[in-house]
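Below is one structure, written out as structure tokens; the observations come after it.
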Amino acid sequence: MITTTKGLMDESALTKKCGMLSTDDEETTWVEFYLGDELVHRSVHVNLKKGLVLSSSVGVF
Amino acid sequence: MANVAGLCSSAKAEFLTGIHALGPGTGVPARSAGAADVIKAALFLASASRGVADTVYNTTGELAGTGGYTQGGVTVTMGTAPVVSSTEGCFTPSANFQWAAFTSSGAFDCVVLYNSSQGDKEISVHTFGSQSVVAGTFTLTMPSSVAGSALVRIA
């Protein structure tokens, strides 16, 4: 059973589609469930590969 | 041997915990570093204009407080102290960010970290590919807290 826009539904009654995208900065996976042509569930998992960097330096005389 | 100028690696991690207040000024904290501030993470629409010029968190462009999302975002788990990895000061939250039973009010591609213990001062803006969620879960998995990948690093 999964949560959908129509409440809890049995996965077997739905069409499942999955996807994945990978870049240098992130890896994203998603799963979608359709009731006919209607999207009733979409979950997303974004795996951040790296964050932000502040460079540092000190002055010279 | 010779002396080599540079910002101490340990100081980079100490800046992340507010150990050093270099100079006076409004907002300079006079506090111990015994407890982490409350940091929050909020999601913003792909159409928003968040960026490095931001100074204080606000709801302009944030997801609407509908569909299981609460404006202001979620509290970041601060279970791990910043560390020095190689020569970088590194901070990464100790748990992933997650929104469950969630339907986004629009496409979103940004999470903003801000300090709710310090007047909602904004810390960082992180972007990712535009997403939408329907009656599902959105999880943002944190990178490893090491040089080259930690969420916030001082190199």
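Is it true that some residue in the stretch B:10-33 is surrounded by 11 or more Cβ atoms within 10 Å (Cβ to Cβ), modelled with pLDDT of 85 or more and of a type in the set (Phe, Trp, Tyr)?
No, the stretch B:10-33 contains no residue that is surrounded by 11 or more Cβ atoms within 10 Å (Cβ to Cβ), modelled with pLDDT of 85 or more and of a type in the set (Phe, Trp, Tyr).
Only one of (1) touching a residue at least 40 places away in the same chain (Cβ under 8 Å); (2) part of a loop (DSSP other than H, G, I, E, B); (3) farther than 19 Å from B:ASP37 by Cα; (4) more than 14 Å from the chain's Cα centre (by Cα) fails for B:PRO143. Which number is that?
(4)
If I filter the stretch B:55-71 for residues that are within 12 Å of chain A (Cβ to nearest Cβ), loosely packed, with under 13 Cβ neighbours inside 10 Å and either modelled with pLDDT of 90 or more or out of contact with any Asp or Glu (no Cβ under 6 Å at 6 or more places or on another chain) (or both), do I get at least one hit?
no
Go through (1) at the interface with chain A (Cβ under 9 Å from one of its Cβ atoms); (2) touching a residue at least 60 places away in the same chain (Cβ under 8 Å); (3) crowded, with 18+ Cβ neighbours inside 10 Å; (4) not charged (D, E, K, R) and name the single condition B:ALA155 misses.
The failed condition is (3).
Condition first: within 9 Å of chain A (Cβ to nearest Cβ) and either of a type in the set (Lys, Arg) or more than 20 Å from A:PHE33 (Cα to Cα) (or both). Now tell me which residues in the stretch B:112-143 satisfy that.
B:SER124, B:VAL125, B:HIS126, B:THR127, B:PHE128, B:GLY129, B:LEU140, B:THR141, B:MET142, B:PRO143
Can you list the strands (runs of 3 or more DSSP E) lying wholly within the stretch B:50-136 that have 1 or more residues being within 24 Å of A:LEU21 (Cα to Cα)?
B:97-102, B:108-115, B:121-131
Counting only residues that are touching a residue at least 12 places away in the same chain (Cβ under 8 Å) and more than 8 Å from chain B (Cβ to nearest Cβ), which one in the stretch A:20-30 is surrounded by the fewest Cβ atoms within 10 Å (Cβ to Cβ)?
A:ASP24
What are the residues in the stretch A:40-61 that are touching a residue at least 12 places away in the same chain (Cβ under 8 Å) and part of a strand (DSSP E or B), if any?
A:VAL40, A:HIS41, A:ARG42, A:SER43, A:VAL44, A:HIS45, A:VAL46, A:ASN47, A:LEU48
The values are calculated or read from the model by the stated rules, or taken from the named source; none is laboratory data. All values reported here derive from a predicted model rather than from experimental measurement. Backbone-built Cβ (ideal geometry, glycine too); neighbour counts: all protein chains shown.
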